[in-house]
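Shown next, in structure tokens, is the structure this report addresses.
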Amino acid sequence: MSKSARKYLIAGNWKMNLNSAEGAELAKDVVSLVGAQTDVAVCVCPTFTVLESVSKVVSGSNVQLGAQNMHFEASGAYTGEISAEMLRHLFANFVILGHSERREDFGETDAIVNKKTLAALAANLKPIVCIGETLEEREAGKVKEVIKTQLEGALVGVTAAAADALVIAYEPVWAIGTGKTATPEMAEEVHAEIRCLLAGLIGAEAAEKVRILYGGSMKPENADELLAQKNIDGGLIGGAALKASSFAALVESAQKLSK
Ligand code: PGA
């Protein structure tokens, strides 16, 4: 399977920004700029309280909805948590799991990310599973080791049948929100490694179907080169997703490369 068989995915991670009215405004602008094109899959991931207003705005367009986290149980005594079913009820299609901010600030482990990944897949949500090394780990030459542990830990029990739904986001922690981006070559090296590890886990044919996004200070100025890499199938975008024009420019970069 060639790269062109994988549709690019540009996903916006809005993090803890925007209230429901502001989110609806941004979503409106995103829909008007890129909601009609079908070359690239586009998704916005607002915070929980903003999902409903954004869901109404993107409905009927090519902009899909994602959440930034979820609990692995379907319901019950889990104060402050949200389940996959609740997200589906608001027409979410994607959910970001194991973002480094959740791992660092909320103690999410590979085992928790694994439970969430299995629960998302079971509920027909597409998990965007985030992995990536810290600067310390990169400098210690541990990138491959960290990626392998996180990927294998997150995907225990995931089979080839999940390949179309599964999305992996490689986000070097040192590049998130810092303005420092991995060079296209550095990113591609890790993405190729991830695909190779995926082949070992779910088979080579299924591994070719999985989209692997790059995340970490991706912006219009560096997107063309990153997205052109053989194993980079899109982006998970933080800062640049909070402005409709820069987010749309990233979608347009992917669109150009899709033709
Ligand atoms: P950034 O964030 O684009 O602001 O670096 C990416 C992310 O954390 O998903």
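The values are calculated or read from the model by the stated rules, or taken from the named source; none is laboratory data. All of these numbers come straight from a predicted model, not from anything done at the bench. Every residue, glycine among them, receives a Cβ derived from its backbone with ideal geometry; neighbour counts consider all protein chains shown. Accessible surface is based on the protein model in full, side chains and every heavy atom, while ligands, DNA and RNA are left aside. Shrake-Rupley method; radii C 1.70, N 1.55, O 1.52, S 1.80 Å.
Got a number for the accessible area of M186? Probe 1.4 Å, square angstrom, nearest 10.
60 Å²
Whole Å is fine, so just give me how far the alpha carbon centre of segment 101-128 lies from that of segment 157-185.
14 Å
Would you mind counting up the charge near K256? Only other residues with Cβ under 10 Å from its Cβ, with Lys and Arg at +1 and Asp and Glu at -1. Don't skip to the end; give the middle numbers.
On the way: positive: K259; negative: D39, D224, E252.
Net charge around K256: -2.
Could you pull out every one of the lysines with an alpha carbon less than 28 Å from that of K115, ignoring same-chain neighbours closer than 8 positions?
The qualifying lysines are K7, K15, K126, K142, K144, K148, K209.
Name the long-range amide H neighbours of V158: under 5 Å, sequence gap of 5 or more, or other chain; modelled H, no Pro or chain starts.
none
Choose one answer from L236, L87, L18: the residue with the largest mean-square fluctuation in a GNM of the chain with alpha-carbon springs under 10 Å.
L18
Please give, to one decimal in nm, the separation of the simple spin-label points placed at K28 and L90, each 7 Å out from Cα toward the Cβ.
Simple spin-label model gives 1.9 nm for this pair.
I'd like to verify something in the chain: which complete DSSP H helices, judged by Cα projection on the helix axis, reach 20 Å or more and average at least 1.0 on the Kyte-Doolittle scale?
Within the chain not a single helix satisfies the rule.
Could you calculate the contour length gain from A36 to V156, that is, 0.36 nm times the residue separation minus the distance between their Cα atoms, to one decimal place in nm?
Going from the current span to full extension adds 39.5 nm.
For the residue pair N17 and F106, what label-to-label distance in nm results when each label sits 7 Å from Cα along the Cα-to-beta-carbon direction?
Using points 7 Å along Cα→Cβ, the separation is 1.9 nm.
Mind checking segment 1-89 for chymotrypsin sites (Phe, Trp or Tyr not before Pro) that DSSP puts in a loop (not H, G, I, E or B) and that have at most 16 other Cβ atoms within 10 Å?
Qualifying residues, ordered by number: Y78.
Starting from the Kirkwood radius over alpha-carbon pairs of the chain, derive D by Stokes-Einstein at 20 °C in a medium of 1.002 mPa s and give it in µm² s⁻¹.
119 µm²/s
How much FRET efficiency would the formula 1/(1 + (r/R0)^6) give for E185 and E52, where r is the Cβ-Cβ distance and R0 is 25 Å, rounded to 0.05? Could the numbers behind the result be given before it?
Numbers: r = 42 Å, r/R0 = 1.67.
So, using R0 = 25 Å, E works out to roughly 0.05.
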